[in-house]
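As structure tokens, the structure follows; a few thoughts come after it.
The values are calculated or read from the model by the stated rules, or taken from the named source; none is laboratory data. This one's a predicted model, so the numbers in the text were calculated from it and none came from an experiment. Virtual Cβ from ideal backbone geometry, glycine too; neighbours counted across all protein chains shown.
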Amino acid sequence: FQPGDQILFEKGETWTGALKPQGSGVEGSPIVIASYGEGEKPVLKPGANWTIPYFKAGANSTVYNATVNNGISFYNQEYWEVRDLELYDPTFNDTTNPSVYRRAVNITAEDCGDLHYFLFDNLTIHGFRGPTDNNGKSSGGIIVTVLSDPYDSSKRVPSAIHDFTVTNCEMYNLGRSGFNFVSPWTNRTGSE
């Protein structure tokens, strides 16, 4: 997707599957995910689980070969707006697979430097949960994760996300976090 593009879901409809759009907007011309038409907010539900090689579950905790299931995922992207949607995971009461990390929205910045501008407005987010241990806090509503390569320290680049706004959102029935930010850089000093 290019700056100024819109991804619109029709109100009153339901979609199932991971939304992992590619591309970035620019200042003054973000990419927008929203709704159109009349009626209730469109409902986006996650699809099948998938595995990622690693992610930070806490400042000092890396989970390898993690099974995840996100509604919307962004990776090293910037200038996005997401609004006027319902994100719902119907597996909230399913305890048969408690090791899946489930997030309505996941933003990951990995060794990319500075990223800018995310706006989340008028979202209804519910049903997302993850493991019940401390690592489960990286599951829930809107989860921001800053990663650095756990294998090769020469690839590590301090990264940050600037201008991040969440307004008019309702979050409930979430396993651990409504909104959470996880970064290993909070514990680094000097040239480490």
Worksheet item: Restricting to the range 67-123, what's the tally of residues that are buried (at least 16 other Cβ atoms within 10 Å of the Cβ), of a type in the set (F, W, Y) and more than 22 Å from I7 (Cβ to Cβ)?
Response: 1
Worksheet entry | Pair list, Cβ under 6 Å, 6 or more apart: the range 151-171 residue within 14 Å of A109 (Cα to Cα), other residue modelled with pLDDT under 90 | K155/D149; R156/S148; R156/D149; P158/W185; S159/V146
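Considering only the range 30-138, give the strands (runs of 3 or more DSSP E) lying wholly within it that have at least 2 residues that are closer than 20 Å to V182 by Cα.
On the way: elements: 31-36, 43-45, 50-58, 61-75, 80-83, 86-88, 101-110, 114-121, 124-126.
Fully inside the range 30-138 and qualifying: 50-58, 61-75, 101-110, 114-121.
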Worksheet item: How many residues does the range 73-88 contain that are within 20 Å of T145 (Cα to Cα) and in contact with a Pro (Cβ under 7 Å, 6 or more places away or on another chain)?
Response: 3
